[in-house]
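Remarks on the structure that follows.
Every number here is computed from the coordinates shown, using simple stated rules; none is lab data. For clarity, every value in this text was computed on a predicted model and none was experimentally measured. Cβ placement follows ideal geometry from the backbone for every residue including glycine, while neighbour counts extend to all protein chains displayed.
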Amino acid sequence: MKYVVKIEGKSYQVDLSEQNGEVQINLDGKPVQADSVHIKGKNFASFLFNNRSFDLEFSKNEERVSVFLNGKRYDCVLEDERTQRLKRLGVLKIDTKKEKELKSPMPGLVTTIEVKQGDMVVAGQGVVIVEAMKMENELKAPQDGKVKEVSLRSE
């Protein structure tokens, strides 16, 4: 299976195949030695790449995988060959519109505001807690960004 991996603005072609029960990996057309073992649950892995060992932590949302390595976060977009072809043909619409406001999907009482103006947030981070129908609902940031303003409006 062929993939395109985008990390910090750079694209890499990754081709995975299986031969005699072993996974073969080509990175940008060149064979590489790689192996991984999951540790500490599903979000941690020990990864061996060209005889160098790395301990990685992963988090995933709809659009990307974040990899934490040596205290630094790398946001990765992974697309298979089929998805790439559909985008080129215009079958998949790419939504580049960024959310400007975070709105509650239901009316309720704001019980906690977890951020303040100027804070940096990451996708999936809790921003506000709204109580509705005797339940607390945490609204999360849809993508990375900076909090421009915190205001409570009822519409």
Looking only at the range 1-28, count how many residues are within 27 Å of Lys72 (Cβ to Cβ) and assigned to a loop (DSSP other than H, G, I, E, B). 3
How about the range 23-51: which of its residues are within 18 Å of Val5 (Cβ to Cβ) and either exposed (fewer than 13 other Cβ atoms within 10 Å of the Cβ) or β-branched (Val, Ile, Thr) (or both)? Val23, Ile25, Asp28, Gly29, Lys30, Pro31, Val32, Gln33, Asp35, Asn50
Of all strands (runs of 3 or more DSSP E) completely enclosed by the range 106-155, which ones contain at least 2 residues that are within 21 Å of the chain's Cα centre (by Cα) and not charged (D, E, K, R)? 126-132
Anything in the range 129-155 that is aliphatic (A, V, I, L, M) and touching a strand residue (DSSP E or B) at 6+ places or on another chain (Cβ under 9 Å)? List them, or say none. Ile129, Val130, Ala132, Leu139, Ala141, Val147, Val150, Leu152
Can you find a residue in the range 48-60 that is in contact (Cβ under 8 Å) with a residue 40 or more places away in the chain and under 30 Å from Gln143 (Cα atoms)? yes
